[in-house]
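A.B. asks: Take a look at the following structure, please.
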Amino acid sequence: MAAGSDKGGKGGKRTTAKRDIATRVSHAGRDRKLTLGGVNPVVQRASTVVVESASKLFEPGGWTYGRHGTATHEALKQALCEIEGSTHCVLAPSGLMACIVPFLAFATPGSHVLVGDNVYGPTRRFVDRMLSRWGVEATYFDHTIGAGIAGLMRQQTKLVFVESPGSMTFEIADAPAIAATARAVGAISVMDNTWSGGVYHKPLQLGFDISVQANTKYVSGGADALSGAMHSDDDKVYAQLKDTIADLGSNVGPDDAYAVLRGARSLALRMEQHEKAGLEIARWLDAHTAVQRVLHPALESDPFHALWKRDFTGASGLFSIVLKKAPTERVHAFLDALELFSLGFSYGGFESLAIHCDPQLKRTAGKPHFGGPLIRLSVGLENAGDLIADLDQALSAL
Ligand SMILES: Cc1ncc(COP(=O)(O)O)c(C=O)c1O
């Protein structure tokens, strides 16, 4: 049997589950019908797909139209399922779309949803601006809530959305407790798992119904493609997500699907380097006189370290620092003095990035008090010593 031909977005028993993730991702999506004999799948740019006979026009599961996916999408889904350890995967054109489709799939007018207070800003904006227009009420909860989320559940609660860790403030939620509480009342639980790249955290194994990944970040790793994915082990949940994205007329383009798959092949190795360099830099910053605190759950001193240790097997290269109090002009002077960290809103790529977080922080369930300017760093694949030297010279501009 061709490597990787036994699974993917179509379910089925895993015969290779014991192999390491790096091995499985290298071999996924390489069935000859997807690659035509190459190592990589074809980039199948297609709107029209012609079928051999009239009986195949309405064949369930067949490739019948570009918007529903082609060979390139199929190969990508198989690799993404190996990363996340999921049975099913639905592709989306962006990570944000993958975050919002579960709401559209499971919330109905008059229903209620629970959303972590620290979620990615545009996810929150969708809930506040769009979902509310359709008569869905949202309650934001503090990330430390754990099993206490039971107290916020209503009869109409249809969905619980968590991002762990929060991608600017890095709080880890008690995922198993939240998933179990949601399941007990029949609400769908969704985890935005982007920080871990899908490699170091397995929400489906912790009881979540859906794990969302912005492939745009670590999975792609190239900072040149947009894509998202929704993973589930539940056939009915998967069917509902798949139908919803089809009803929205949405899919990722084949060129982006190809770029994400090419990045995914080296994801496990890149994550090791992001983790190692990120921790080295975080520790160095923790000891710097200009820095009050480092928000990185893999640091022993972090308040979320115990939860991270219990539920994660590693860390990515994304974390924040709280600087000692300084006026905005000095914070800008520090950011502008950086030479190797570019200023940009994304993360997970080969290039290091920095942003000032304070203007974007929005909380309603609690107030984060960091006591100084919050800066997020995405540690890329450059040499850690060079990045430390860059931070050192820029911090002197404070
Ligand atoms: C945690 C998280 N989820 C989702 C997204 C959205 O991903 P995309 O930019 O692909 O829409 C982002 C983007 O920054 C993110 O940080």
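A.B. asks: Filter the range 102-135 down to the residues that are within 12 Å of the ligand (Cβ to nearest atom) and among the hydrophobic types (A, V, I, L, M, F, W, C), then identify the one that is surrounded by the most Cβ atoms within 10 Å (Cβ to Cβ).
C.D. replies: Only one residue tops the list, namely Val119.
A.B. asks: All but one of (1) hydrophobic (A, V, I, L, M, F, W, C); (2) under 19 Å from Glu84 (Cα atoms); (3) assigned to a helix (DSSP H, G or I) hold for Val219; which doesn't?
C.D. replies: (3)
A.B. asks: Hand me the list of helices (runs of 4 or more DSSP H) wholly inside the range 88-203 holding 2 or more residues that are touching a helix residue (DSSP H, G or I) at 6+ places or on another chain (Cβ under 7 Å) and over 30 Å from Leu377 (Cα atoms).
C.D. replies: In the range 88-203, the matching helices (runs of 4 or more DSSP H) lie at 95-106.
A.B. asks: When you scan the range 204-218, do you find a residue that is over 28 Å from Gly38 (Cα atoms), among the basic types (Lys, Arg) and modelled with pLDDT of 95 or more, even just one?
C.D. replies: Checking the range 204-218: not a single residue is over 28 Å from Gly38 (Cα atoms), among the basic types (Lys, Arg) and modelled with pLDDT of 95 or more.
A.B. asks: Quick one: in the range 223-246, of everything that is of a type outside the set (A, V, I, L, M, F, W, C) and within 15 Å of the chain's Cα centre (by Cα), which residue is surrounded by the most Cβ atoms within 10 Å (Cβ to Cβ)?
C.D. replies: So the residue we want is His231.
A.B. asks: Let me ask something additional. Quick check on the range 206-214. Is at least one of its residues touching a Ser or Thr at 6+ places or on another chain (Cβ under 6 Å), crowded, with 24+ Cβ neighbours inside 10 Å and either acidic (Asp, Glu) or in a loop (DSSP other than H, G, I, E, B) (or both)?
C.D. replies: yes
The values are calculated or read from the model by the stated rules, or taken from the named source; none is laboratory data. None of the values given here were measured: they were computed from a predicted structure. Backbone-built Cβ (ideal geometry, glycine too); neighbour counts: all protein chains shown.
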